[in-house]
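The values are calculated or read from the model by the stated rules, or taken from the named source; none is laboratory data. Just so we're clear, the structure is a prediction, and the values are computed from it rather than from any experiment. Don't worry about glycine lacking a Cβ; one is built from the backbone with ideal geometry, like all the others, and counts go over all protein chains shown. Surface accessibility is based on the protein's heavy atoms, side chains included, excluding ligands, DNA and RNA. Shrake-Rupley method; radii C 1.70, N 1.55, O 1.52, S 1.80 Å.
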Amino acid sequence: MAKQEDDFKRVISHAKEYGYVFQSSEIYDGLSAVYDYAQNGAELKKNIREYWWRAMVQLNDNIVGLDAAIFMHPTTWKASGHVDAFNDPLIDNKDSKKRYRADVLVEDYVAKIENKIEKEVAKAAKRFGDSFDKKQFLATNQRVLEYQEKAGTILKRLGKSLENEDLADVKKLIEELEIACPMSGSKNWTDVKQFNLMFGTKLGASAESAMDLYLRPETAQGIFVNFLNVQKTSRMKIPFGIAQIGKAFRNEIVARQFIFRMREFEQMEMQFFIKPGTQKEWYEKWKENRMKWHLSLGLGEDNYRFHDHEKLAHYADAAADIEFRFPFGFKELEGIHSRTDFDLSKHQEFSGKKLQYFDTEENKNYVPYVVETSIGLDRMFLAIFSNSLKEEALENGTTRTVLKIPAVLAPTKAAVFPLVKKDGLPELAQEIVDDLKWDFNVLYDQKDAVGRRYRRQDANGTPFCITVDHQSLEDKTVTIRHRDTMEQQRVAIADVKAIIHNEVDMKSWLAKMN
Ligand code: GAP
């Protein structure tokens, strides 16, 4: 646990030191669970957005984009069920006066059991070496099976109690598991109560005429209320999807773990409208498709897993999370939900306007069903950033800090260095920058020894460093150094663009999804 905490602290401080993520309003001591993305963070975020948008909108003939407003008519949230049911179960510790999400306390307890399983796996892998079969070990080892059963039983009970709104049982579970307040160690808990997560605000010039609004807690509703407008103007036929990227806001109580759980965050959501009765098939297809998208980035298959929900949200008939191995354990990265016709039917009911589709093959009208994929952009950022940060021991006995961000997403694709600040080398390096910048984000750096410049760019996540030396003036060649292998090649200046392009081209990365 201490190692996990240290690793996570390293991630947070690296994100700050290298211009990725800053605490919001830091000069005023910050605002809890609100963050700003700095020069490198903004680029990484932009690249993740594009990677998602291209995979969703550009590569699917039957998915179109949307950019709906954050403010929506307040009845939207009544219809969607958020006013009545978008709650978190909260519990206070009477001694420390700290407030927690009751379900998170239980889930953290289960995460500790899962950590024990991981430890057993690691021990066995070491013991058996190459002959180790992880699947078989997980299915047969007595201790692991006991841990799995314990974790499963706890989660099942939590799911059932939350589904039945049996908050007294959630408290009982916390007491039975003897969960203590992480701050004080005390087990003196209040009852569990529900707390609505939406932020309210007002629209209008005077207090009397102002209208109560909410900041949207998910982008999905902007898609639902525009469903018919988009369908008619795009002449889409079912099945088709609408994709959107935008800000969402939630008054998270347990706002911790850096950009994992924020109060203002960004979602990348897609609602896929389908014929009723086909939801199971589409739900499975989208689970598979989304996992392929993740795996195309090469962060390692072992770092992902599906978690099927026991407790379903008020709108879903099936739901699963894609979980990622964050520095603090496996946690939700993306949700795939079969939302039935809940949202469209509710908007139809509350607005009095028909939200139906005329199916020419069936010759009838119906309210479509929806399968949704929903991923937090900030969580995806954290998954990539934390997974990429490595401390590597080098052959010469030193270590290097390197940020092995997939080259396609790296904020800066190449840094160009003159070996020395004279003899015409800076001019030639600048010429190379001026040529490359039309295609990629590149930077020029002439400060410090070349070795230090390499280290700086390793830590920055830059996949290529190009060094201009005296030979470059004679034969128009440079050295190109690869971040991950530290390998250096002598190449013609004329070939540099193609070499970089080959590694960072979105097309070839996305093609790995097929
Ligand atoms: N429209 C469905 C929906 O909003 P959700 O599971 O509540 O479902 C979807 O959220 C995704 O949004 C999550 O998987 C997560 O990646 C991201 N997300 C949710 N709350 C977040 C928060 N407070 N901070 C950062 N990301 C969040």
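Kindly list, by first and then second residue, each pair from a residue in the range 255-267 that is under 17 Å from residue 90 (Cβ atoms) to a residue that is near the ligand (Cβ under 8 Å from one of its atoms) and among the hydrophobic types (A, V, I, L, M, F, W, C), limited to pairs with Cβ atoms under 9 Å and residues at least 6 apart or on different chains.
What qualifies is 255/33; 255/262; 256/33; 261/33; 261/255; 263/33; 263/255.
Show me the strands (runs of 3 or more DSSP E) entirely contained within the range 299-366 in which 3 or more residues are in contact with an Asp or Glu (Cβ under 9 Å, 6 or more places away or on another chain) and within 15 Å of the ligand (Cβ to nearest atom).
304-308, 318-326, 329-340
Away from the ligand (no atom under 14 Å from the Cβ), hydroxyl-bearing (Ser, Thr, Tyr), surrounded by fewer than 19 Cβ atoms within 10 Å (Cβ to Cβ) and at pLDDT 95 or above - does that describe any residue in the range 369-380?
So far as the range 369-380 goes, no, none of its residues is away from the ligand (no atom under 14 Å from the Cβ), hydroxyl-bearing (Ser, Thr, Tyr), surrounded by fewer than 19 Cβ atoms within 10 Å (Cβ to Cβ) and at pLDDT 95 or above.
Checking residue 294 against (1) under 26 Å from residue 216 (Cα atoms); (2) within 16 Å of the ligand (Cβ to nearest atom); (3) open to solvent by less than 10 Å² (accessible area, probe 1.4 Å), only one condition comes out false. Which one?
That leaves (1) as the condition not met.
Return the pair list, or none, for Cβ contacts closer than 7 Å from residues in the range 378-393 that are among the hydroxyl-bearing types (Ser, Thr, Tyr) to residues that are open to solvent by 10 Å² or more (accessible area, probe 1.4 Å) and away from the ligand (no atom under 13 Å from the Cβ), at least 6 apart or on different chains.
Pairs found: 386/327; 388/404.
Find the strands (runs of 3 or more DSSP E) located wholly in the range 178-253 whose residues include 1 or more that are more than 30 Å from residue 102 (Cβ to Cβ) and without any contact (Cβ under 8 Å) to a residue 60 or more places away in the chain, and list them.
Passing ranges, in order: 200-203.
Can you tell me which residue within the range 232-259, out of those that are within 16 Å of residue 332 (Cα to Cα) and in contact with a Lys or Arg (Cβ under 6 Å, 6 or more places away or on another chain), is nearest to the ligand (Cβ to nearest atom)?
The selected residue is 252.
Starting from the range 300-321, keep only residues that are over 13 Å from residue 287 (Cα atoms), then list their pairs with residues that are open to solvent by less than 80 Å² (accessible area, probe 1.4 Å) and charged (D, E, K, R) whose Cβ atoms are within a distance under 7 Å, requiring at least 6 positions of separation or different chains.
Once the first residue is over 13 Å from residue 287 (Cα atoms) and sits in the range 300-321, its partners that are open to solvent by less than 80 Å² (accessible area, probe 1.4 Å) and charged (D, E, K, R) give 303/325; 315/339; 315/343; 316/339.
Considering 226, 188, 196, which residue is open to solvent by 10 Å² or more (accessible area, probe 1.4 Å) and within 30 Å of residue 366 (Cβ to Cβ)?
Only one candidate qualifies: 226.
Filter the range 440-464 for residues that are open to solvent by 60 Å² or more (accessible area, probe 1.4 Å) and polar (S, T, N, Q) and give the result.
Passing the criteria: 441, 446.
Determine, yes or no, whether residue 133 is buried (at least 18 other Cβ atoms within 10 Å of the Cβ) and of a type in the set (Asp, Glu).
no
Just checking, how many residues over the range 465-514 are of a type in the set (S, T, N, Q), open to solvent by 20 Å² or more (accessible area, probe 1.4 Å) and either part of a helix (DSSP H, G or I) or touching a Pro at 6+ places or on another chain (Cβ under 8 Å) (or both)?
Going through the range 465-514 one residue at a time, the tally reaches 3.
Which members of the range 1-27 meet the condition of being of a type in the set (Asp, Glu) and open to solvent by 60 Å² or more (accessible area, probe 1.4 Å)?
5, 6, 17, 26
So which residues in the range 263-281 are near the ligand (Cβ under 9 Å from one of its atoms) and open to solvent by 10 Å² or more (accessible area, probe 1.4 Å), if there are any at all?
The answer is 263, 264, 265, 266, 267.
Is it the case that the range 70-84 has a residue that's crowded, with 18+ Cβ neighbours inside 10 Å and of a type in the set (Phe, Trp, Tyr)?
Looking for residues that are crowded, with 18+ Cβ neighbours inside 10 Å and of a type in the set (Phe, Trp, Tyr), one finds at least one in the range 70-84, hence yes.
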